[in-house]
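Let me begin by handing over the structure; questions about it come next.
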Amino acid sequence: MVSAVMLSCSGCSEPTIHHAQNKLLDIQVLSHGHDNGGEFCADFILTSTQVEWFFSRAKILDARLLHDKFDILPCWVRGTGKSVQGTWNWEIRAGGTARKVFENGTIELLGCDNCDAVLMSEKAYPKK
């Protein structure tokens with residue numbers, strides 16, 4: 001549950017991410033799918049290039065701001081990534097939310113309010 005997860009960054013809602021920290025070294029898309037009730041988005045798919053584009057624009061948010069500002073949609077794409085922060089698993093949802101789970105258990109919640117170009121593209125989210 002994304003809303004139950006708290007960031008280790010207390011007191012900050014949108015910390016600055018230095019460009020070197022945000023540089024992605026290896027993005028792998030491993031799976032895509034949807035939660036119960038999300039059959040309408042069964043075709044939500046992102047390429048590794050689209051994932052990298054998303055993460056380059058997403059901001060780290062606390063759970064409250066993520067909940068208040070974004071819709072948590074049932075469509076998801078999951079994979080792994082590497083950066084100077086280490087190796088992590090990630091999940092991006094069609095509503096512009098994401099999370100990174102690092103090897104040490106640290107979780108970052110992210111949101112991107114200007115990523116519709118990727119999240120709503122024909123390839124990523126076919127219109128029915």
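For the structure I just gave you, tell me whether Gly111 is closer than 22 Å to Leu24 by Cβ, among the small types (Gly, Ala, Ser) and modelled with pLDDT of 95 or more.
Judged against the criteria, Gly111 is a match.
Ok, one more. Working only within the stretch 94-106, note down all residues that are in contact (Cβ under 8 Å) with a residue 24 or more places away in the chain and more than 15 Å from Lys59 (Cβ to Cβ).
Those that are in contact (Cβ under 8 Å) with a residue 24 or more places away in the chain and more than 15 Å from Lys59 (Cβ to Cβ): Ala94, Thr106.
Condition (residue is at pLDDT 85 or above, touching a helix residue (DSSP H, G or I) at 6+ places or on another chain (Cβ under 7 Å) and farther than 16 Å from Leu110 by Cβ) applied to the stretch 30-40: is it met by at least one residue?
Scanning the stretch 30-40, I find at least one residue that is at pLDDT 85 or above, touching a helix residue (DSSP H, G or I) at 6+ places or on another chain (Cβ under 7 Å) and farther than 16 Å from Leu110 by Cβ, so the answer is yes.
Return yes when Leu66 is surrounded by 20 or more Cβ atoms within 10 Å (Cβ to Cβ), over 17 Å from Thr47 (Cα atoms) and at pLDDT 95 or above and no when it is not.
It is false that Leu66 is surrounded by 20 or more Cβ atoms within 10 Å (Cβ to Cβ), over 17 Å from Thr47 (Cα atoms) and at pLDDT 95 or above.
If I go through the stretch 22-63 residue by residue, how many of them are part of a helix (DSSP H, G or I), in contact (Cβ under 8 Å) with a residue 40 or more places away in the chain and over 12 Å from the mean Cα position of the chain (by Cα)?
Looking only at that region, the number is 4.
Quick one: how many residues across the stretch 69-87 are modelled with pLDDT of 95 or more, in contact with a Ser or Thr (Cβ under 8 Å, 6 or more places away or on another chain) and among the hydrophobic types (A, V, I, L, M, F, W, C)?
1
If you don't mind, there's one more thing I want to ask. So, in the stretch 65-79, exactly how many residues are touching a residue at least 40 places away in the same chain (Cβ under 8 Å) and over 11 Å from Arg93 (Cβ atoms)?
4
The values are calculated or read from the model by the stated rules, or taken from the named source; none is laboratory data. Just so it is clear, the model here is predicted, and its values are computed rather than measured. All Cβ positions, glycine included, derive from the backbone under ideal geometry; neighbour counts span all protein chains shown.
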